[in-house]
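Working notes for the structure below.
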Amino acid sequence: MDRIAIVGLGLIGRGWAIVFARAGHAVRTFDVDPAALERGLAAIDASLHDLDDLGLLDEPAAAIRARIGPAGSLAEAVGDADYVQESVAETLAAKHEIFAALDGLAPRQAVLASSTSTIPASAFSEGLAGRDRCLVAHPANPVHLIPVVELVPAPWTDAAVVERTRVLLEAAGQSPVVVRKEIQGFILNRLQAALMSEAINLWEGGYASADDIDRTVRDGLGLRWSFMGPLETFDLAAPGGVVESGARYGPPFAQIVASQAANAWSPATMTGLAAERETGQPRALLGERARWRDRRLMQLLAHKRAAAAREAARETR
């Protein structure tokens, strides 16, 4: 098993720790803030308890937790690592600083991966001696419940490093997606940004309430998207597949897209949206709501796992 170092134990880092420990790897965790490290380890305990409660662990939670240990320094965390997953502050300055340190402290064969959701690896690895082993491995949140991970190499990242990372993450139960070349926002956030921008446009324009806009995705698009993507959805939208769907729906969809302006995300709009959401979900309960979200995701994972097992059993008859 590989030796994994997790640098930064916030929401993303703690999810990564579970992913790798669940797969049998030894995980060392480090955070410059000792209190954040303590909070992160406590959150890992709570998440493992919930996963165990829903039957989503293949071994006792205590066995997984035993593989996760804190390190007293960055050098201790990464000194013998095979793979380093960085999840520090989402600023270019922070990425520059941590990757310079990692390149000097981690063994030459170690992969150095960033969880950044917006910053390309080329922006913080160009001047490093070991720039060929650096890439982005951007997960969704919560990392241990939503398996997709975007692998985004810099132009100089060694293809073998990308493949090694893909194999490692796939074996750990994640669903790695290789982004063939750098683009702002990668794939996930470009798709998410398009939907979010239009959702806020519709609310801002007074076309529907916040809850009804959410309901359209939650009880509509989201049901399909939980097991197929938009391109497969489009392929199944007409008997002739994507070519017929394009002929049928391409012109009206093009008109819709042409009418969609990028939202300005103005403070006034954000304040108004927050006030409307506050009536149904008070800010003080956001933490409880996040825990509810995680448990619902666990239940969905349990359902998908059971459905896949039933399908596999039918195929072997």
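Taking the listed residues Val167, Val162, the one that is assigned to a helix (DSSP H, G or I), without any contact (Cβ under 8 Å) to a residue 12 or more places away in the chain, β-branched (Val, Ile, Thr) and out of contact with any Asp or Glu (no Cβ under 7 Å at 6 or more places or on another chain) is Val167, with no other qualifying.
Listed by first and then second residue, the pairs linking a residue in the stretch 87-107 that is assigned by TED's automatic domain parsing to the domain that holds Gly127 and within 20 Å of Gly40 (Cα to Cα) to a residue that is hydroxyl-bearing (Ser, Thr, Tyr) and assigned to a loop (DSSP other than H, G, I, E, B), with Cβ atoms under 7 Å apart and 6 or more places separating them unless they lie on different chains, are Ser87/Ser115; Glu90/Thr116; Glu90/Ser117; Glu90/Thr118.
I'd like the full set of residues that are among the hydrophobic types (A, V, I, L, M, F, W, C) and either under 15 Å from Phe30 (Cβ atoms) or part of a loop (DSSP other than H, G, I, E, B) (or both), limited to the stretch 101-112. Ala101, Leu102, Leu105, Ala106, Ala110, Leu112 - these are the residues of the stretch 101-112 that are among the hydrophobic types (A, V, I, L, M, F, W, C) and either under 15 Å from Phe30 (Cβ atoms) or part of a loop (DSSP other than H, G, I, E, B) (or both). In the stretch 30-42 there is no residue matching the filter, namely being in a helix (DSSP H, G or I), in contact (Cβ under 8 Å) with a residue 60 or more places away in the chain and touching a helix residue (DSSP H, G or I) at 6+ places or on another chain (Cβ under 7 Å).
Does any residue of the stretch 113-123 turn out to be at pLDDT below 95, out of contact with any strand residue (DSSP E or B) (no Cβ under 6 Å at 6 or more places or on another chain) and not aliphatic (A, V, I, L, M)? Looking for residues that are at pLDDT below 95, out of contact with any strand residue (DSSP E or B) (no Cβ under 6 Å at 6 or more places or on another chain) and not aliphatic (A, V, I, L, M), one finds at least one in the stretch 113-123, hence yes. Within the stretch 75-100, the residues that satisfy the criterion of being within 14 Å of Phe30 (Cβ to Cβ) and acidic (Asp, Glu) are Glu76, Asp80, Glu86. Every condition in (1) surrounded by 14 or more Cβ atoms within 10 Å (Cβ to Cβ); (2) outside any loop (DSSP other than H, G, I, E, B); (3) under 14 Å from the mean Cα position of the chain (by Cα) is met by Arg190 except one, and the failing one is (1). Taking the conditions (1) closer than 16 Å to Ile4 by Cα; (2) surrounded by fewer than 18 Cβ atoms within 10 Å (Cβ to Cβ); (3) not hydrophobic (A, V, I, L, M, F, W, C) in turn, Glu90 satisfies each one other than (1).
Taking the numbered list (1) farther than 30 Å from Gln85 by Cα; (2) surrounded by 13 or more Cβ atoms within 10 Å (Cβ to Cβ); (3) at pLDDT 95 or above in turn, Gly220 passes all entries but (2). Taken as a whole, the structure places Ala199 among residues that are surrounded by 11 or more Cβ atoms within 10 Å (Cβ to Cβ), in contact with a helix residue (DSSP H, G or I) (Cβ under 6 Å, 6 or more places away or on another chain) and under 22 Å from Ala140 (Cβ atoms). Checked across the stretch 261-277, the condition of being loosely packed, with under 10 Cβ neighbours inside 10 Å and touching a residue at least 24 places away in the same chain (Cβ under 8 Å) holds for at least one residue. Residues in the stretch 20-42 that are in contact with a Leu (Cβ under 8 Å, 6 or more places away or on another chain) and surrounded by 16 or more Cβ atoms within 10 Å (Cβ to Cβ): Arg22, Thr29, Phe30, Asp31, Leu37, Gly40, Leu41.
The values are calculated or read from the model by the stated rules, or taken from the named source; none is laboratory data. Fair warning: this is a prediction, and the values are worked out from it, not measured in the lab. Cβ atoms come from the backbone with ideal geometry, glycine included; neighbour counts cover every protein chain shown.
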